[in-house]
Amino acid sequence: MKGQTWRFVITGLLVVLAVVGFWNTFRLWTMSSDDKARMDEIKPGSVAELERKAMRLGLDLQGGIHVVLRVKMEEIEPSARVDAVERAIQVIRNRVDFTGVTEPIIQKQGDDRIIVDLPGYTDAERAEELIGQTAQLQFKLMETQDNANLLLAKIDSIIVASRQAEKAASESGEATSPKTDETPADTSQKDDILAELLGSDSLGAEGIEDVEDNPFTQYLEQFLRSSKSGSPWPGYMVAAKDKKMLEKMLAMPEIQRVIPSDVQLAWSTRSEIANAQEVHRLYILKNKVQFLGKYLENIRMSRGQFQEPTVDFRLTGQAASAFARLTGSNIDKPLAIVIDEKVESAPIINSKIRNDGQITMGQGATLDDAKNLEIVLKSGALPAPVEIIEKNVVGPTMGSDSIRKGLTASIIGFFSVVLVMLIFYRISGLIADIGMFFNIFFLMAAMSVMGVTLTMPGIAGIILTVGMSVDSNVLILERIREELRTGKTVRASIDAGYDRALVTIIDSHVTTLITAGALFLFGSGPIKGFAVALFWGVVISLYTAVIITKAIYDTRKGYKTLSI
């Protein structure tokens, strides 16, 4: 007994460490929603802190978002396509890390696709903005009002001419068609580009006369003026209900041809409420990029003078000098902040800006919008545009159902094994069951300490570990039985049984460890979760089967009989 004291000491120390390691997970899993709410009331953020310390649940257990992206290789240079997906994965990983999502799965699929799983994250709209945004930040000057007026007048005249041509063609068709007693043919299927553009309510001669001169600009309401001189700039508000119609107008080939190559018409990043209605903003910009967002440093979300959300930044070296020249030579003019070809805002430059600057968020922007902008600017722009081709939100009910079924399967499997061992091996089977209990307890504690994410495949790995643990004990018990049949004493039979079974147990465990290692190295996602649970389960099984159960048997060596 004295020679075996070290077994009890090490096991006792491991039990203490396991209790400490599993405590946070146990607290979190046993807390009700009301308990969590009270905990956050007493100390805000304490539940989030506890979740970070506890074992995390995967997408299949706690719900979250599954997104599949396609990198648009066709829109970048051939030389940049070699590692475009890998660079995009790194940028997306940086953005996700800033959100605080634990254990996200971000991996390549095929040649141009990326899979992103965000466990516990259910804001699908924000996730789409965060992941799918290319985040090319540019600073551009606005076109002069005189040049913008000339362009808008051309657009109006093109639409008027097109509508008059449509009207003339329609009248000509009516004049030349022969009169018959039959019902006139249905001409509603004829292509009428402008009818489609302006909506069915504007069809007919009366509607045409009403908007004869300004079919495009009648929907624009100017809002942007210099803060000092009061000079107007080509920034317009458009009712949300009219935005789609104006986009169709601007997409007409005739209008595209008259827009100069150095001019850009850009919409705002989001809608807002103005004059008791939802509106979008339309800006007429100079297409030349004056400054790039990649030079910004120390980016952080903040609040402006009137507590509106902003994003502050700092410039150093040549970038600071360039920005100072840009702002110094354009005082009292708007500087458009453009992200992925959409205007976030167009603040008026009041003074030269050299080192410290501020991105004013557009009207209607929230703190979440500012936080998103901070994240994408910090993590950098994607090397190529991406499109979301699949997006699924896994609801919490699915996660709860998966947990319930997994726990039910684990409990049934555990007690089935316990019962079988008691029936076949009696008291010795109970000792094996004790070793199996320690195996599962140590495994859960180890996974908690290592920050492993528990998934359904991980639960399967834990259940398989139960079988591996019992298998080792079955080998030992059968060897002990064989020794007892030869007439050896209980002490000699136990020692011989462990000695004879040890080599076989080690062989079986090593081969399983090699398999688990291969699954972890070459697998991905759920396969890795299974491999981690299996690997550590097998390692711990080797200790519990050879050390813990042997320590218990050592207390029974003085017995004349053994219940086996």
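The values are calculated or read from the model by the stated rules, or taken from the named source; none is laboratory data. Just so you know, these numbers come straight off a predicted model, no measurement behind them. Cβ sites come from the backbone with ideal geometry, for glycine too, and all protein chains shown count toward neighbours. Heavy atoms of the whole protein, side chains included, go into the accessibility calculation; ligands, DNA and RNA do not. Shrake-Rupley method; radii C 1.70, N 1.55, O 1.52, S 1.80 Å.
At-a-glance table
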read-out: Lone unmet requirement of (1) surrounded by fewer than 17 Cβ atoms within 10 Å (Cβ to Cβ); (2) touching a Gly at 6+ places or on another chain (Cβ under 7 Å); (3) among the charged types (D, E, K, R) for E278; value: (2)
read-out: Subset of the range 523-549 (residues that are out of contact with any helix residue (DSSP H, G or I) (no Cβ under 6 Å at 6 or more places or on another chain), within 23 Å of I480 (Cβ to Cβ) and either open to solvent by less than 30 Å² (accessible area, probe 1.4 Å) or hydrophobic (A, V, I, L, M, F, W, C) (or both)); value: V546
read-out: Subset of the range 411-430 [of a type in the set (S, T, N, Q) and touching a residue at least 12 places away in the same chain (Cβ under 8 Å)]; value: S428
read-out: Residue satisfying all of: in the range 272-326; more than 19 Å from K140 (Cβ to Cβ) and basic (K, R); modelled with the lowest pLDDT among these; value: R303
read-out: Residues of the range 21-41 classified as under 29 Å from S541 (Cβ atoms) and surrounded by 12 or more Cβ atoms within 10 Å (Cβ to Cβ), total; value: 9
read-out: Candidate set from the range 332-370 (those that are among the β-branched types (V, I, T) and in contact (Cβ under 8 Å) with a residue 60 or more places away in the chain); member that is most open to solvent (accessible area, probe 1.4 Å); value: I348
read-out: Condition check for T269: among the polar types (S, T, N, Q), surrounded by 13 or more Cβ atoms within 10 Å (Cβ to Cβ) and at pLDDT below 95; value: yes
read-out: Residues that are of a type in the set (K, R) and open to solvent by 60 Å² or more (accessible area, probe 1.4 Å), drawn from the range 473-497; value: R485, K488, R491
read-out: Residue, surrounded by the most Cβ atoms within 10 Å (Cβ to Cβ), within the range 42-90, restricted to residues that are among the basic types (K, R) and under 30 Å from L407 (Cβ atoms); value: R56
read-out: Selection within the range 443-463 - open to solvent by less than 40 Å² (accessible area, probe 1.4 Å), within 21 Å of L519 (Cβ to Cβ) and part of a helix (DSSP H, G or I); value: L443, M444, A446, M447, P457, G458, I459, G461, I462
read-out: Verdict on D97 being buried (at least 21 other Cβ atoms within 10 Å of the Cβ) and out of contact with any strand residue (DSSP E or B) (no Cβ under 6 Å at 6 or more places or on another chain); value: no
read-out: Residue list for the range 115-138, filter: in a strand (DSSP E or B), of a type in the set (A, V, I, L, M, F, W, C) and either under 9 Å from the mean Cα position of the chain (by Cα) or surrounded by fewer than 19 Cβ atoms within 10 Å (Cβ to Cβ) (or both); value: I115, V116, L118
read-out: Elements of type helices (runs of 4 or more DSSP H) in the range 238-328, at least 1 residues being of a type in the set (G, A, S); value: 240-250, 317-328
read-out: Search result, residues across the range 40-84 that are free of Cβ contacts under 8 Å to residues at least 40 places away in the same chain and over 24 Å from the mean Cα position of the chain (by Cα); value: D40, E41, I42, K43, P44, E74, E77, P78, S79, V82
read-out: Breaking point among (1) in contact (Cβ under 8 Å) with a residue 40 or more places away in the chain; (2) buried (at least 19 other Cβ atoms within 10 Å of the Cβ), for T11; value: (2)
